[in-house]
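The values are calculated or read from the model by the stated rules, or taken from the named source; none is laboratory data. Please read all numbers here as calculations on a predicted model, not as lab measurements. Here Cβ is always computed from backbone atoms with ideal geometry, including for glycine, and neighbour counts include all displayed protein chains. These area figures cover heavy atoms from the full protein model, side chains too; ligands, DNA and RNA do not enter into them. Shrake-Rupley method; radii C 1.70, N 1.55, O 1.52, S 1.80 Å.
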Amino acid sequence: MEPKQIREGYLVKRGSVFSTWKAMWVVLLEDGIEFYKKKSDNSPKGMIPLKGSALTSPCQDFGKRMFVFKITTTKQQDHFFQAAFLEERDAWIRDIKKAIKCIEGGQKFSRKSTRRSIRLPETIDLGALYLSMKDTEKGIKELNLEKDKKIFNHCFTGSCVIDWLVSNQSVRNRQEGLMIASSLLNEGYLQPAGDMSKSAVDGTAENPFLDNPDAFYYFPDSGFFCEENSSDDDVILKEEFRGVVIKQGCLLKQGHRRKNWKVRKFILREDPAYLHYYDPAGGEDPLGAIRLRGCVVTSVESNSDGKKSEEENLFEIITADEVHYFLQAATPKERIEWIKAIQVASRTGK
């Protein structure tokens, strides 16, 4: 049987030969990690076996880079990966640790082992049920929900899931619905969003799934993202820039030739996904544009060409053409907001 795929996504990987950092499409399997130059590639550039491997996180080997973790194989080969932000790194670490533990114990990887085994009725097909739940007309409606001054986009409540299962006659009652929803969560068809649902999955609640209007969940391929509540209105600028503006503000940008830093006004648009930058003193025409489709964005502790203050709040955008852009936000919070917004645009924009 083919090894089960557990997690996939873009990470920045340090090269083994030239020690350069490049964006790679990384796939975590039950027995190893494959990495590809592009998501669309059919064959991987390399594979890291997990049996007997050791995991180091956080990895402090590179003071300039944040959210780095290291995998050391049985042959004492070190592989370094960098995530975009803390939560993303922790999610990879959690699954890699579990995969290694399952290999050592001779077990199969599962998302969540509940306190008692769940026996599903033979008539229940979780894959088919998942497709029904995602049906645009008759499925669960994805909403933008607000809680604790945060907006959760493309998600739904635990109560809505149980309501749908009951009304769709997939289950006989809410208790059976809770069992089915827990199974969907365990198999990765549903993902937790927000502190309440995440705490339940981590084992602090009686059930991994909560029939609760304050517990939020989302489909893994829905484009879900969380953002701080903002009163800024989205605007559509010039007709030639068709994308809707989803974020704008001033950042420091490093020049490609002289490596000097200048303040630029940035406007982030999606569909198509572009980050245009302007002279903040005025002028309607952009000085340049960064195409975001297929890009990777990561936090960077300090830039390789300059020693700035300790609180730099730097981040790096690596385009699909492997062009590197270094930008600096004013605060750590602002940096995270820009990173998450750019990630969303890179996934959804054309």
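Observations on the structure shown:
- Nearest-0.05 FRET efficiency for ILE151 and CYS250, computed from C-beta distance (R0 25 Å): 0.60
- Residue pairs, from the table LYS75/LYS198; LYS141/LYS340; LYS13/LYS259; LYS45/LYS97; LYS37/LYS97, whose Cα atoms sit over 32 Å apart: LYS75/LYS198
- Shape category assigned to the range 1-72 from the gyration tensor of Cα positions, a/c cut at 1.5: oblate
- Amide H contacts of PHE225: ASN153, each under 5 Å away and 5 or more positions distant or on a separate chain (H built 1.01 Å from N in the peptide plane; Pro and chain starts excluded).
- FRET efficiency for the SER222 to ASP279 pair, using the beta carbon distance and R₀ = 35 Å, is estimated at 0.40.
- Rounded percent of accessible protein surface that carbon and sulfur make up, the range 1-70, 1.4 Å probe: 50 percent
- FRET efficiency for the pair GLU322 and TRP261, taken as 1/(1 + (r/R0)^6) with r the Cβ-Cβ distance and R0 = 25 Å, rounds to 0.70.
- Prolate/oblate/rounded label for the range 38-100 (Cα gyration tensor, a/c 1.5): rounded
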